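See below for the structure under consideration.
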Amino acid sequence: MKKILSFTAFLLCSVTAAYATIITIKVSNYKFSPKTVNAKVGDSVLFKWQNGIHTTTSLSVPAGAASWNKPMDSAHKMFGYIIKKAGTYSYDCSIHSTVMKGTINVTATLAAGLTDFSVALSQDAKALLNWKVKSESEIRYYSVQRSTDGDNFKEIARVKPTGNSSGIQSESYADNTTDNSAKYVYYQIQLVDKSGNNQLSDIKMFTQQVATSKLITSLSPNPISSPGHLMVQFNADKEGKMLMQLYSESGRFIKQSEMTADKGLNNGHFHLGDIMPGTYYIICTLGTVTEKHTIIVK
C-alpha cells in the first residue's frame, strides 16, 4: 500500500505542474530505453522496471539538483524523479555500469513555447519535420538536428522564423540529405532565442522506407576477448524479444540470451562468458527474421 500511495503522490505532484510531461524510461535486459531523452524543467521522469536486477543511479547532475540511487527489480518496479534544474543528467545501473548508461537533457521552458513537434513522410519519401511555437517575436533561429542512433545529434540546418508575430506559428523543414544506410533516423529541434537561451523538443524517430532492411547493424568488439562481452545493435519494427543463440563452429549449441526490443534501433549486451578462443556463430531471431553472424574469440 505504501508503494502505491507513494507512486500516486508522485503522479499528482507531476501533473499539477503546468503542462508538465511524464517521460517514461524502461529498465530491462542491460539497457535503459530510450537511452537519451529531452525534457524541460518541471517535467518528470518515470523509470519502469521490465526485467532483471538493476539500479538507476545518477552519475552527474546540474548544480542544485538532487542525486538519486534506486534499485530497479521485481520488488521496486517504479521510480519517479521530478526535474527542477536545467542541465545534463547522466546516470547508469551501478550493477552493469559498463553497458547500462543514460542521459537526460533538460532545458528551460521559453516563452516562445516550442510544441507539437512531429516527423511525417514527405511526397518524395523523405522526412518532413513540423512544429509550432506560441510566438516568434523573440526567436533567433531553429536548429534542426539529426541522429542515426538516437543519442548523438548533429545540426543539419538552421531555419529562420517565417514570421515575427506573437500568435501561434507553424514551421517545417524537409530533410532531403539522408542516405539509405540507416533504417531509423532520429530528429530534434533546438529553439534559440535572441538572448541566447534554448529549448529542446522531444526526440522523434523516422522510418526510412527505402533503407536496406537488416536485423543486426553492429556486433562489437569482433574479434572479442574472453571472457566475452558482446555489444549488439539491432533494428526492430515493433516491440518484442530478440533471441540470440551462440554455437561453436561445428554447430554445437553453447548458450542463448533474450533481448528486449523496442521499435527502432536497439542496443543490447550478450554476455558470452569464459569460452575458448576460436570461431563461433550467432543466430539472431526477431519475429520472422533470422540472421546468422560469425564472431571470433581471441
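The values are calculated or read from the model by the stated rules, or taken from the named source; none is laboratory data. Fair warning: this is a prediction, and the values are worked out from it, not measured in the lab. Glycine gets a Cβ as well: all are built from the backbone with ideal geometry, and neighbour counts include every protein chain shown.
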Query - Identity of the residue in region 239-267, within 15 Å of the chain's Cα centre (by Cα) and in a loop (DSSP other than H, G, I, E, B), that ends up nearest to N29 (Cα to Cα) - result: D262
Query raised in the report: Taking only pairs six or more apart or across chains, which ones have beta-carbon atoms under 8 Å, a first residue in region 98-113 that is within 15 Å of Q199 (Cβ to Cβ), and a second residue that is of a type in the set (K, R)?
Result: V106/K40; V106/K85; T107/K40; A108/K40; T109/K40; A111/K134; A112/K134; G113/K134
Query raised in the report: Just wondering, is there one or more residues in region 181-202 that are surrounded by 13 or more Cβ atoms within 10 Å (Cβ to Cβ), aliphatic (A, V, I, L, M) and without any contact (Cβ under 8 Å) to a residue 24 or more places away in the chain?
Result: no
**Report entry** Matching residues, region 128-144, being surrounded by 18 or more Cβ atoms within 10 Å (Cβ to Cβ) and within 13 Å of F206 (Cβ to Cβ)
**Finding:** L129, V144
Query raised in the report: What are the pairs, 6+ residues apart or on separate chains, where a residue within region 67-84 that is under 15 Å from I22 (Cβ atoms) has its Cβ under 8 Å from a residue that is of a type in the set (S, T, Y) and modelled with pLDDT of 95 or more?
Result: F79/T56; G80/S44; Y81/S44; I82/S44; I83/S44; I83/Y89
Query raised in the report: Checking S226 against (1) modelled with pLDDT under 95; (2) assigned to a strand (DSSP E or B), which test does it fail?
Result: (2)
Report summary line: Condition set surrounded by 16 or more Cβ atoms within 10 Å (Cβ to Cβ) and modelled with pLDDT under 95, scope region 118-127, selection nearest to F32 (Cα to Cα): answer is A127
Report task. Could you please let me know if A182 is on the phi > 0 side of the Ramachandran plot and either of a type outside the set (V, I, T) or in a strand (DSSP E or B) (or both)? Result -> no
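Conditions (1) assigned to a strand (DSSP E or B); (2) at positive phi; (3) surrounded by 16 or more Cβ atoms within 10 Å (Cβ to Cβ), marked per residue:
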{"site": "A66", "(1), (2), (3)": "no, no, no"}
{"site": "F79", "(1), (2), (3)": "yes, no, yes"}
{"site": "Y91", "(1), (2), (3)": "yes, no, yes"}
{"site": "T109", "(1), (2), (3)": "no, no, yes"}
**Report entry** Members of region 165-180 that are without any contact (Cβ under 8 Å) to a residue 24 or more places away in the chain and not charged (D, E, K, R)
**Finding:** T177
